[in-house]
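I have placed the structure first, in the form of structure tokens, so that the comments after it can refer back to it.
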Amino acid sequence: ADIHPHSLTGLFLSNELVDSFPVHRIQLTAHGLEELWVDYRDGRFVECFKPLSSDRLAAHLRHIGSDWVEGYRTEVNLQAIDWMSQVAHRLARGFVLTIDYGHTAQDLYSLDRKRGTFLCYRHHAAHENPFLHVGEQDMTAHVDFSSLATAGEEQGLQTTGFTNQMSFLMGLGIEQMLAGLNQDSPELTAAIQLLKPNGMGTTFKVLIQHKAVPNPKLDGLQYQPFFRSALTTQSAA
């Protein structure tokens, strides 16, 4: 059933949803910014470069405005922006909690990530070739949390906070839960994976937004490794 605008009071919660949306793959070539498309030649799928597929995509790339060099490759997820706009438009009062692996725009589009973040996963093994095991693997790219925050704000959301998964779970008191587990329990092993500072603990981020909730104070945001301004910084330039 359709959800009417400004009709819901509650929480929109997503975990590893946004990274599953399709992305535009972009590369800076000798001809400027071009989009990677898929062609079929001589019995196999191949990549090819073509002009950007829409004016909206071109405008978004101008907004990012980074100092990329030829050969730089990245991804843009316009569907994620549309999704956040729709969520915010339907919420009358409450929160939006988005958990996923990703970065601020400043980090995501930095020169340090010149190959982008697009990856394919099959049986827990990662690689960059989407033409292997067609239909039998997951394809994903990291989330631009700055764009999500901006899209929400344009539809009346306020940014409550932005943190990583480790800090979020620590704020919620995960240490007390861990203290009650046996040292050899699978639950303890799984929880430690969620907290690893060189793994899921920092790769996964948590964006919390709210609407019509005065000055919310959330335990999960007690320990914030980011300043809020990091979300609105569109590039490292």
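Only the coordinates and a few stated rules stand behind these numbers; no lab work does. A quick note: this is a predicted structure, and the numbers were derived from the prediction, not measured. Using ideal geometry, Cβ is built from the backbone for each residue, glycine included, and neighbour counts are taken over all protein chains shown.
Side notes on the structure shown:
- Candidate aspartates and glutamates - alpha carbon under 14 Å from LYS114, same-chain residues fewer than 8 apart omitted: ASP67, GLU70, GLU75, GLU128
- Look at where the Cα atoms of region 180-195 and of region 30-77 average out, and the two centres are 42 Å apart.
- Note on LYS217: lysines with a C-alpha under 19 Å away, same-chain residues under 8 apart excluded, are LYS205.
- The ranking of MET200, MET166, MET139, MET84 by Cβ neighbour count inside 10 Å, starting from the fewest, reads MET139, MET200, MET166, MET84.
- With neighbours defined as other Cβ atoms within 10 Å of a residue's Cβ, the residues HIS142, HIS127, HIS60 order from fewest to most as HIS127, HIS60, HIS142.
- Scalar couplings 3J(HN,Hα) for region 158-175, obtained by applying the Karplus form with A = 6.51, B = -1.76, C = 1.60 to θ = phi - 60°, are 10, 7, 6, x, 9, 8, 9, 4, 4, 5, 4, 5, 5, x, 7, x, 5, 4 Hz; x denotes Gly and Pro.
- Residue-wise HN-Hα coupling along region 141-147, computed from phi with Karplus coefficients 6.51, -1.76, 1.60 (Hz; x: Gly, Pro): 8, 5, 8, 8, 6, 5, 5
- Highest-MSF residue in the chain out of GLY43, GLY102, GLY65 [GNM, Cα springs under 10 Å]: GLY43
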